[in-house]
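Quick one: the structure is below, and I'll ask about it shortly.
Read-outs throughout are calculated quantities, based only on the coordinates presented, and are distinct from any laboratory measurement. Nothing here was measured: the structure is a model prediction, and the numbers come from that model. Cβ: placed from backbone, ideal geometry, glycine included. Neighbour counts: every protein chain shown.
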Amino acid sequence: MACKRGALIVLEGVDKAGKTTQCKKLVQALQQEGRAVEMMRFPERTTAIGQLISAYLENKSDLEDQTVHLLFSANRWELVPLMKKKLEQGTTLIVDRYAFSGAAFTSAKPGFSLDWCKKPDEGLPKPDLVMFLQLSPAEAALRGQFGEERYENSVFQKAVQQNYEQLMKDPSVKWQVINASQSIEDVHKDIITHSLNSINTAHNLPLGAL
Ligand code: DGP
């Protein structure tokens, strides 16, 4: 019998929503159940393209907004062969940010439409589930100072949040809003429930494209 494919599960949200913590906990919990699961994150800063992005985010270089937008997308595209291989082998991928960050962040800059921002990511593997960790800007501020990187300020993050709200209206993507103001354990419980449903249904469905 052919091996059942893994699920592609993405966590999205504004900075400080707890995505990375929750991705790690989810991977650990699923692995403890004996499931084949791996974590990925975007941007993936270790590749040559990822290093250009990282220098830009750390304010060590300046790039045109269009250039960096396309680099973020290229960084996702360069990992597609690996993602497809893992999914086909039956490994579920838990991904910290994906194409939706690309559209939500760049279109928070003046002069960038959501439609233009979505274009370069058209055709990427479509997630079986995108969990949006919802946290108000006020609650995010209570979680401490932003770091030093680009985009880490509350005015920009408010615009990002509004863009995510637009993106979530797309019925062709399976979005699930998670209340990220709960305790870490309660957020984890919600996330694992939705992930298990998604893993079980993804097995029987072909991998789609954005
Ligand atoms: P992280 O490593 O998850 O903290 O992400 C780094 C920053 O880059 C964060 O502020 C979100 C932003 N970001 C992630 N993906 C994209 C993208 O595709 N385009 C743009 N413009 N920004 C992104």
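Among all stretches of the chain without exposed trypsin sites (Lys or Arg not before Pro) (DSSP loop, at most 11 other Cβ atoms within 10 Å), which one is longest?
In the chain, the maximal stretch lacking such sites is 61-168.
Which links in 25/86; 4/119; 19/60; 169/189; 86/119; 86/189 stretch past 23 Å when you go from one Cα to the other?
Too far apart for the 23 Å limit: 4/119; 19/60; 169/189; 86/119; 86/189.
Within the chain, which DSSP H helices have Cα atoms that stretch 24 Å or more along the helix axis and a mean Kyte-Doolittle hydropathy of at least -0.5?
184-202
What FRET efficiency comes out for the pair residue 61/residue 172, r = Cβ-Cβ distance, R0 = 41 Å, nearest 0.05?
For residue 61 and residue 172, the calculated efficiency is 0.70.
Also, I was wondering about something else. So if R0 is 22 Å, what FRET efficiency would residue 32 and residue 84 give, r being the distance between their Cβ atoms, rounded to the nearest 0.05?
FRET efficiency, residue 32 to residue 84: 0.25.
Could you give the distance between the Cα centres of region 104-121 and region 158-202, to the whole Å?
21 Å
Can you spot the aspartates and glutamates whose alpha carbon is less than 20 Å from residue 84's alpha carbon? Ignore those fewer than 8 places along the same chain.
Within reach: 38, 44, 96, 121, 122, 128.
Please give the calculated 222 nm ellipticity per residue for the chain, where each DSSP H segment of at least 4 residues contributes -39500 (n - 2.57) and the sum is spread over every residue; nearest 500 deg cm²/dmol?
Theoretical 222 nm ellipticity from helices: -14500 deg cm²/dmol.
Moving on to the next point. Picking from 135, 70, 11, which is most flexible by a Gaussian network model of the chain using Cα springs under 10 Å?
Looking only at 135, 70, 11, the largest GNM fluctuation is found for 70.
Taking amide H positions as placed in the peptide plane 1.01 Å from N, state which residues far from residue 37 in sequence (5 or more) or on other chains have amide H under 5 Å from it.
It is 92, by chain and number.
While we're here: Among residues other than residue 203 whose Cβ falls under 13 Å from its Cβ, what is the net charge (Lys/Arg +1, Asp/Glu -1)?
So the surrounding residues net to +1.
Hey, another quick one. Work out, step by step, the length gained on full extension between residue 4 and residue 47: first 0.36 nm times the residue separation, then minus their alpha carbon distance; give nm to one decimal.
12.5 nm
Taking the alpha-carbon centroid of each part, what is the distance from region 8-25 to region 35-71 in angstrom?
17 Å
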